[in-house]
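> I am attaching a structure below and will ask some questions about it afterwards.
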Amino acid sequence: MTPRSLRRFDSILPGGRHVQLSALDPAARAGRTIFGNRVVEAGQPERLLKRGHHSRKIGDVVQKGKWRGMPIFTLTLEERATCPRTCKQWLGCYGNSMNWAERLVHGPELEARLWRELGSLQSRNPGGFVVRLHVLGDFYSLAYVSFWQQALDCYPALRVFGYTAHDPAHGIGAALKDMADTEWERFALRFSGWGLAERGAEVFAHEPPADAIPCPAQTGATDCCATCALCWATTRPIAFRRH
Ligand code: SF4
């Protein structure tokens, strides 16, 4: 890590090129990652929530804004296996070029261990800590959405930011929309690809949508999320250039 940087990597760009799967690809059809050897049981790693400086564009500790001073942690699940089939990036998911990322198996074991880790982070960081959901993957059930609501209720230091591909008008997406609307100060979740004027996130290939703010870490205007803080500071849509 360079002295001025809060992340281990010099570039925020993923290591690989954009990989677009065929709709006939076995992983796309089955709803799995193409890197099956990087899927690990939730009991296996030393910890589930990783420090943000291990991620290319997250960073270690928030440097500005209302969450300043809070350490950032990330959670990575298996792309497609936990995502809605309606995701607009189903075939072109940036996980297709993340061959190094460790994906956690989702389910009861993950949630039980996650609950304990959140409790431990609450004890060690009573002034606040941030969890980025999800580096890969998505909210896979209504029960898992409730898990995060209960975590917000039980662990007052917890802050969350992230993105979901779920439809904000239905099912899991509607439950998440309720949480984001009512708990935005601690649960800054954005809806990807739904054209929302508030709390949206869009992926673009050439020009960002006119009303969206291009992610400053991608334009080079800032180092990483820890030095940016925009995703939880504004409700305006954020636009991400396709990797
Ligand atoms: S806009 Fe800022 S906070 Fe959001 S993803 Fe980009 S760098 Fe991170």
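The values are calculated or read from the model by the stated rules, or taken from the named source; none is laboratory data. What you are looking at is a predicted structure, and each value in this text was computed from that prediction instead of being measured. Note that we place each Cβ from the backbone using ideal geometry, even for glycine, and neighbour counts take in every protein chain shown.
> Restricting the search to region 36-63, which residues are within 29 Å of Ala229 (Cα to Cα), of a type in the set (D, E, K, R) and part of a loop (DSSP other than H, G, I, E, B)?
Glu46, Arg47, Arg56, Lys57, Asp60 - these are the residues of region 36-63 that are within 29 Å of Ala229 (Cα to Cα), of a type in the set (D, E, K, R) and part of a loop (DSSP other than H, G, I, E, B).
> Kindly list, by first and then second residue, each pair from a residue in region 109-133 that is at negative phi to a residue that is crowded, with 19+ Cβ neighbours inside 10 Å and of a type in the set (Val, Ile, Thr), limited to pairs with Cβ atoms under 7 Å and residues at least 6 apart or on different chains.
Listed pairs, sorted by first residue: Val130/Val62; Val130/Ile72; Val131/Val160; Arg132/Ile58; Arg132/Ile72; Arg132/Thr74; Leu133/Val160.
> Here's another thing I want to ask about it. Specify the residue that is nearest to the ligand (Cβ to nearest atom); the eligible residues are those in region 196-233 that are of a type in the set (A, V, I, L, M) and touching a residue at least 40 places away in the same chain (Cβ under 8 Å).
Only one residue fits best here, namely Ala217.
> Restricting attention to region 55-92, and to residues there that are surrounded by fewer than 18 Cβ atoms within 10 Å (Cβ to Cβ) and on the phi > 0 side of the Ramachandran plot, which single residue is nearest to the ligand (Cβ to nearest atom)?
Among residues in region 55-92 that are surrounded by fewer than 18 Cβ atoms within 10 Å (Cβ to Cβ) and on the phi > 0 side of the Ramachandran plot, the one nearest to the ligand (Cβ to nearest atom) is Gly65.
> Could you count how many residues in region 185-195 are away from the ligand (no atom under 11 Å from the Cβ) and either farther than 11 Å from Ile238 by Cα or in contact with a Gly (Cβ under 8 Å, 6 or more places away or on another chain) (or both)?
Total satisfying the criteria: 7.
> Here is a further query. Does region 31-54 contain any residue that is among the hydroxyl-bearing types (Ser, Thr, Tyr) and within 16 Å of the ligand (Cβ to nearest atom)?
No, the conditions are met nowhere in region 31-54.
> If I filter region 169-182 for residues that are within 24 Å of Phe73 (Cβ to Cβ), within 15 Å of the ligand (Cβ to nearest atom) and at pLDDT 95 or above, do I get at least one hit?
There is at least one residue in region 169-182 that is within 24 Å of Phe73 (Cβ to Cβ), within 15 Å of the ligand (Cβ to nearest atom) and at pLDDT 95 or above.
> Still on this structure, I have one more. Given the condition within 18 Å of Thr76 (Cβ to Cβ), within 14 Å of the ligand (Cβ to nearest atom) and either among the polar types (S, T, N, Q) or exposed (fewer than 13 other Cβ atoms within 10 Å of the Cβ) (or both), answer yes or no: does some residue in region 126-149 qualify?
Checked against the condition, which is being within 18 Å of Thr76 (Cβ to Cβ), within 14 Å of the ligand (Cβ to nearest atom) and either among the polar types (S, T, N, Q) or exposed (fewer than 13 other Cβ atoms within 10 Å of the Cβ) (or both), region 126-149 yields no hits at all.
> Considering only residues that are among the hydrophobic types (A, V, I, L, M, F, W, C) and in contact with a strand residue (DSSP E or B) (Cβ under 7 Å, 6 or more places away or on another chain), look in region 131-147 and name the one that is nearest to Asn96 (Cα to Cα).
Out of the qualifying residues, it is Leu136.
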